[in-house]
Amino acid sequence: MACRKITFSVPEEFVQDLDYLARRLKVTRSAMLTEIAAEAVHDLRSMVETVPENPNSEDLLHAKGKSKALIEGRIDSARRLSDALFSE
């Protein structure tokens with residue numbers, strides 16, 4: 001996959017947390033941010049693309065249902081990861 005460099009500002013505490021995690025996990029900050037954000041940004045774009053520019057109440061209800069399913073899937077995934085990380 002081709003990559004582009006971008007610049008954005010974040011709070012100092014965020015940088016400290018990111019540096020700590022990257023060091024502990026032995027990855028670059030760039031790799032860590034890409035891994036964390038890629039799926040979330042893709043999912044959000046997919047949801048927004050399904051909502052028309054001037055949505056009616058039915059469009060919004062459909063988007064709400066999609067977002068609920070997405071959030072539930074993320075919660076299930078986090079639970080599985082937690083179980084895998086902290087089980088004995």
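A short reminder: the numbers here are calculations on the coordinates, not readings from a lab. Because the structure is predicted, anything quoted here is derived from the model rather than measured. Every residue, glycine as well, gets a Cβ built from its backbone with ideal geometry; the counts of neighbours run over all protein chains shown.
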*region 16-75: projected area of the alpha-carbon convex hull, averaged over directions, in nm²*: 5.4 nm²
*Measure nothing fancy, just the Cα-based angle from helix 57-86's long axis to the longest principal axis of the chain, in degrees from 0 to 90, nearest 10.*
30 degrees
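Report the longest stretch of the chain that contains none of the trypsin sites (Lys or Arg not before Pro) sitting in a DSSP loop with at most 12 other Cβ atoms within 10 Å.
The answer is 27-88.
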_Once you place label points 7 Å from the Cα toward the Cβ at ASN56 and ALA38, how far apart are they in nm?_
4.0 nm
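By how many nm would the segment from ARG29 to PHE8 grow when fully extended, if each residue of separation counts as 0.36 nm and the alpha-carbon distance is taken off?
6.2 nm
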